[in-house]
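K.L.:
Before I ask anything, here is the structure I am working with.
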Amino acid sequence: EPEVTQTPSHQVTQMGQEVILRCVPISNHLYFYWYRQILGQKVEFLVSFYNNEISEKSEIFDDQFSVERPDGSNFTLKIRSTKLEDSAMYFCASTSGEVEQFFGPGTRLTVL
Amino acid sequence: KNQVEQSPQSLIILEGKNCTLQCNYTVSPFSNLRWYKQDTGRGPVSLTIMTFSENTKSNGRYTATLDADTKQSSLHITASQLSDSASYICVVRKALNFGKGTSLLVTP
């Protein structure tokens, strides 16, 4: 069964460093999403991406964040200068355009 | 202000028992309402998706209801199993408003 994959599973970084979180969506999907979940809190929407551009983004997704689909398979989230409060689980999701989204297993980002 | 409120915050039930989780929302405009199951440390997995015109939808032992007039939804779990222990999250579209979830623990 096809699934969304994410790498790395855990990323530790120093405050101020740049990180890139990677996702491989399900191959025939067209819509891609990033979410984050701070420990013990609810899942928060960050950004949606369709047709090689951002279709929707939340207030959390400020200038420190960017997304890219560098090739036909990867979908990346870059945080330019990490802050302590960026520590969270980051989930990628994809959908074919049907309503159901498929989530990846997440990347745990720890900013020291 | 969170526009999706879930209750209870946590719940402990005995294996084999039924339970019902609640979701109230004030999100507008409304597109659809989804229930997800999230195991600890994992990504959410979709259980049901309901549009405005749907009142009830089942997925195995999970049955979701939606009252668009009162803006309430429920998720009923029948004959609970140990593997049902997880966080159950209600998500309301548009703008992907997530509830904080109900943490369910099923004990033997």
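The values are calculated or read from the model by the stated rules, or taken from the named source; none is laboratory data. Computed from a predicted structure; not experimentally measured. FYI the Cβ positions are ideal-geometry reconstructions off the backbone, even for glycines, and counts take in every protein chain you see. The accessibility values were calculated without ligands, DNA or RNA, using every heavy atom of the protein model including side chains. Shrake-Rupley method; radii C 1.70, N 1.55, O 1.52, S 1.80 Å.
K.L.:
Residue by residue through region B:23-35, note down the ones that are more than 11 Å from chain A (Cβ to nearest Cβ) and either β-branched (V, I, T) or in contact (Cβ under 8 Å) with a residue 60 or more places away in the chain (or both). Steps first, please.
P.N.:
Initially, region B:23-35 is screened for residues more than 11 Å from chain A (Cβ to nearest Cβ), giving B:23-30, B:35.
Matches in region B:23-35: B:C23, B:Y25, B:T26, B:V27, B:P29, B:F30.
For every residue, the table says whether it meets (1) open to solvent by 10 Å² or more (accessible area, probe 1.4 Å); (2) at pLDDT below 90; (3) closer than 30 Å to B:I49 by Cα.
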| position | (1), (2), (3) |
| --- | --- |
| A:C23 | no, no, yes |
| A:N28 | yes, yes, yes |
| A:Q37 | yes, no, yes |
| A:I60 | yes, no, yes |
| A:D63 | yes, no, no |
| A:K83 | yes, no, no |
| A:V99 | yes, yes, yes |
| A:L109 | no, no, yes |
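K.L.:
Tell me, yes or no, whether region A:47-60 has at least one residue that is within 13 Å of chain B (Cβ to nearest Cβ), under 11 Å from the mean Cα position of the chain (by Cα) and in contact (Cβ under 8 Å) with a residue 12 or more places away in the chain. Give the steps one after another, and end with the answer.
P.N.:
Filtering region A:47-60 down to residues within 13 Å of chain B (Cβ to nearest Cβ) leaves A:47-48, A:55-60.
Narrowing further to those that are under 11 Å from the mean Cα position of the chain (by Cα): A:47-48.
Going one step further and asking which of them are in contact (Cβ under 8 Å) with a residue 12 or more places away in the chain, we end up with A:47-48.
Checked against the condition, which is being within 13 Å of chain B (Cβ to nearest Cβ), under 11 Å from the mean Cα position of the chain (by Cα) and in contact (Cβ under 8 Å) with a residue 12 or more places away in the chain, region A:47-60 yields at least one hit.
K.L.:
For A:V43, all conditions in the list (1) free of Cβ contacts under 8 Å to residues at least 24 places away in the same chain; (2) under 16 Å from A:R108 (Cβ atoms) hold save one; what is the number of the exception?
P.N.:
(1)
A quick yes/no check of all residues on (1) under 26 Å from A:I38 (Cα atoms); (2) facing chain A (nearest Cβ under 10 Å); (3) not hydrophobic (A, V, I, L, M, F, W, C):
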position: B:K17; (1), (2), (3): no, no, yes
position: B:K37; (1), (2), (3): yes, no, yes
position: B:S58; (1), (2), (3): no, no, yes
position: B:Y62; (1), (2), (3): no, no, yes
position: B:Q72; (1), (2), (3): no, no, yes
position: B:L75; (1), (2), (3): yes, no, no
position: B:A86; (1), (2), (3): yes, no, no
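K.L.:
Do we have A:T76 as within 23 Å of B:V91 (Cα to Cα) and touching a residue at least 24 places away in the same chain (Cβ under 8 Å) here?
P.N.:
no
K.L.:
Return only the number of the condition from (1) at pLDDT 90 or above; (2) open to solvent by 60 Å² or more (accessible area, probe 1.4 Å) that B:Y25 does not satisfy.
P.N.:
Failed condition: (2).
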